[in-house]
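The values are calculated or read from the model by the stated rules, or taken from the named source; none is laboratory data. Every value quoted in this text rests on a predicted model; they were computed, and no experiment measured them. Quick reminder, even Gly has a Cβ in these numbers, built from the backbone with ideal geometry, and neighbours come from all protein chains shown. Surface areas here come from the heavy atoms of the whole protein model, side chains and all, with no ligands, DNA or RNA. Shrake-Rupley method; radii C 1.70, N 1.55, O 1.52, S 1.80 Å.
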Amino acid sequence: MNPSAPDVSRPREGTAAPGSRPRAIDTLLADRGQLFRALFLAAPIPKALVGLDGHLLVVNDALCSLTGRTPEDLVGRHVDLLAHPDEAPVPDRTDGPVDPWLGVDGERRLRRADGTELWATQSHEVIHTSTGEPQFVVLSLVDGTDRRRAEEDLVRRAFTDPLTGLPNRRALGDRLEHALALSRRRGLQVGLVHLDLDRFRAVNDVLGNEAGDDLLIQVADRLRRSTRAEDTAVRLGGDEFLILAEDVEDLDGLRTMADRLLSVLDDPFLVSEREIVLSASVGLTLGSDVAPDELLRQAQTALTRAQVDGSRARVEVHDGGLSDSEVDQLQLEADLRHALESDELRLFYQPIVSLADETLLGYEALIRWEHPTRGLLPPGAFLAAAEDNRLTSRLGAWVLRQACFDAAGWPAGLRVHVNVSARHLAEPGFAELVVDALAESGLAPERLELEITESTALFAADATLHAVSEVTDAGVTLALDDFGTGYSAITALHRLPIHTVKIDRSFVADVVTEPSTAALVQGLVQLGLGMGLQVIAEGIEDLDQADWLREHGCEMAQGYAFGRPAPLPATVPSTGDVDLTGTLPPGEVTVQDVLDGEALATRGLPPVPAPRPDRRPDGQGRADEGRPPAGPVTEDLRTDP
């Protein structure tokens with residue numbers, strides 16, 4: 001390899017080359033030539049010997065390759081030749097003989113000979129003479145351009161909507177907070193224009209999702225071109241967009257901006273060779289001395305008013321008042337606080353059966369609210385209000401205790417399943433709550449199964465994992481609900497001591513008609529069984545689904561085909577009026593026990609349809625007698641929203 005500095009590459013021993021820098025360089029090259037060549041000139045890391053004044057003395061091939069320059073371009077030049085012009089200048093230093101550019105270690109932005117930028121990590125080492133005097137500096141540069149670009153790309157992706165290229169909701173939070181801080185200093189306000197495209201779903205339904213995506217891209221382009229340089233167009237998701245307008249003087253200025261934005265949507269869009277005419281509903285709000293989340297909520301409230309009664313192309317301004325629906329929601333939240341003390345909550349129970357012979361195995365507890373004026377409310381009507389008012393854990397504690405007391409009066413073979421929310425599971429004292437509920441009710445721990453979702457299992461904190469470990473050590477089992485719908489079912493199974501997996505109803509609904517869904521469900525069943533877990537299929541609504549699941553190895557089921565959620569009877573009926581077929585667990589309670597009145601002496605059980613009369617041992621019966629009518633499941637029946 002040819003040395004990179006021609007004027008010092010082959011000095012005669014003991015003789016300095018003309019025009020050379022310090023004598024130490026000549027001596028090093030003459031006496032240690034081979035070692036120098038191996039350790040410095042041939043090093044894969046870009047390196048240079050630099051004088052104390054910052055001028056390059058010797059460079060290796062790696063540095064030439066990194067900077068795109070030849071040795072002749074570099075030797076004798078100051079190292080600031082490599083600096084990017086936009087990089088902040090290095091302050092002068094007077095505390096030592098070494099040039100300040102050389103004393104800066106860490107990542108720096110540099111410039112190649114062709115003008116392109118690069119990022120490199122710089123380090124230096126001062127070489128001293130035998131008397132301790134600094135002689136020259138060994139400068140090293142490690143190329144980090146690819147890593148830096150990868151990091152910037154990750155950041156860009158995290159804050160950019162992948163379809164339209166606009167900033168996303170995550171980027172909006174940072175920009176809105178910054179804009180509000182500036183507005184307070186300037187004495188101006190920040191405006192939000194929240195747009196929702198009218199009847200966009202019809203485009204997807206008629207022309208397909210690809211056409212819908214094309215339309216969203218065109219809308220984003222028009223909004224981007226129509227905003228001022230200081231404003232930000234954001235895609236919030238779906239067909240919702242938001243314009244963050246800085247330095248707005250008053251509401252009239254914001255209205256003018258909204259009118260201009262709406263006008264750019266008036267011209268037809270060309271999608272799949274068709275002209276599409278769009279309109280948009282708009283919510284406006286203005287403020288400065290307000291929290292970012294509150295300003296966003298105001299814009300959403302104004303948009304909701306603009307869309308009331310299915311209206312289109314309306315513009316509404318947030319005026320600080322409350323709509324009827326908002327007042328109604330606040331009243332519901334207030335009522336919920338009194339529901340526990342007023343004994344208005346109810347538990348309904350849905351049976352879980354064996355698919356082989358439809359033997360009853362247990363029940364899942366499902367919460368309802370008997371509102372004094374609104375009637376019986378499903379969980380979807382009030383759990384959001386519970387979350388907003390931090391009542392989720394109180395509701396969960398009530399459900400757990402009530403379910404344990406109810407199940408304690410059932411035949412000994414029946415288990416009760418209770419859903420647990422992520423918030424409740426994470427709170428201190430959860431394990432003690434479970435232990436106390438079992439002790440007070442007398443329910444055996446092995447008859448209680450707690451159900452959690454995949455996301456709860458995956459993202460549980462250490463305290464949550466400890467609480468789960470405590471209750472499972474006591475004998476309580478754990479079920480993974482909505483199996484297959486979350487982030488990573490396998491990871492969830494390994495993270496916690498799962499006993500049972502419940503295949504979500506969204507898969508079961510199409511298991512007979514959709515081959516791809518059938519293959520997925522079969523894989524989930526085999527995964528669960530292969531790991532030694534119990535598998536329950538949820539949401540079974542007809543006999544074809546039940547037969548398919550049984551034939552493919554699923555052992556337990558839950559759904560309208562086997563019984564709808566129902567409350568416990570207020571009074572225990574006489575044994576002569578009850579059809580006991582199908583209500584007994586195997587082996588532990590006999591028909592004669594029930595006829596003697598022992599099993600139902602304390603509490604009744606929710607009704608369970610009798611087995612189909614034509615069900616043969618091979619499981620091929622097809623009759624629907626004794627079943628409730630099948631229908632779509634439209635409500636979330638769990639306690640965990």
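Comparing 369, 347, 428 along the charge dipole axis of segment 340-456, the residue lying farthest to the positive side is 369, per the Cβ-charge model. Within the full protein context, the accessible area of residue 112 is estimated at about 60 Å² for a probe radius of 1.4 Å. Computing Rg and the Kirkwood Rh from the Cα coordinates of segment 335-475 gives a ratio, Rg/Rh, of 0.97. 3J(HN,Hα) along segment 199-209, derived from phi through the Karplus expression 6.51 cos²θ - 1.76 cosθ + 1.60 where θ = phi - 60°, amounts to 6, 5, 4, 5, 5, 4, 5, 8, 9, x, 5 Hz, with x in place of Gly and Pro. For segment 263-276, 3J(HN,Hα) computed residue by residue from phi via the Karplus equation (6.51, -1.76, 1.60; θ = phi - 60°) reads 5, 6, 8, 5, 5, x, 9, 9, 10, 6, 6, 10, 8, 10 Hz, glycine and proline entered as x.
Remark on residue 236: its backbone amide H falls under 5 Å from those of 241, 242, a criterion applied only to residues 5 or more positions apart or on other chains, H modelled at 1.01 Å from N. The largest accessible area among 540, 217 belongs to the first residue in 217, 540, and the rest follow in falling order (1.4 Å probe, all chains). Label separation (residue 229 vs residue 436): 6.4 nm, computed from points 7 Å beyond Cα along the C-beta direction.
Taking amide H as placed 1.01 Å from N in the peptide plane, residue 451 has its amide H under 5 Å from the amide H of 418, 419, 420, 479, each at least 5 places away in sequence or on another chain.
The heavy atoms of residue 222 present about 40 square angstrom of accessible area, all protein chains included, probe 1.4 Å.
One chain, two ends: residue 566 and residue 466. Fully extended at 0.36 nm per residue, the span grows by 32.6 nm beyond their Cα-Cα distance.
Heavy-atom accessible surface of residue 207, to the nearest 10 Å², is about 40 Å², with a 1.4 Å probe and all protein chains retained. A full extension of the chain between residue 293 and residue 313 corresponds to an added length of 4.7 nm, given 0.36 nm per residue minus the alpha carbon distance.
Taking amide H atoms as placed 1.01 Å from N in the peptide plane, the amide H of residue 276 lies under 5 Å from those of 269, 270, 271, each 5 or more residues away in sequence or on another chain. Think of segment 204-331 as a dipole: +1 on every Lys or Arg Cβ, -1 on every Asp or Glu Cβ, centred on the Cα centre; then among 232, 263, 307, 263 lies furthest on the positive end.
Surface composition of segment 217-259: carbon plus sulfur atoms hold 43% of the accessible area, using a 1.4 angstrom probe and ignoring ligands, DNA and RNA.
Shown in residue order for segment 297-307 are the 3J(HN,Hα) couplings computed by the Karplus curve 6.51 cos²θ - 1.76 cosθ + 1.60 at θ = phi - 60°: 5, 4, 5, 5, 4, 4, 5, 4, 5, 5, 9 Hz (x for Gly and Pro). Taking all protein chains together, 536, 276 sort by accessible area into 276, 536, largest first [probe 1.4 Å]. Inter-label distance, residue 178 to residue 45: 3.5 nm, where each label sits 7 Å from its Cα along the C-beta direction.
Accessible surface comparison of 502, 47, probe 1.4 Å, protein chains only, largest first: the order is 47, 502. Shape class for segment 369-450: oblate, because the ratio a/c of the largest to smallest gyration tensor axis (alpha-carbon atoms, square roots of eigenvalues) is 1.5 or more and b/c is at least a/b. Note on residue 53 and residue 357: the extension gain reaches 100.4 nm, defined as 0.36 nm multiplied by sequence separation minus the Cα-Cα distance. Whenever you get a sec, compute what percent of the accessible area on segment 274-385 sits on carbon and sulfur atoms (1.4 Å probe). Reported share for carbon and sulfur atoms: 48 percent.
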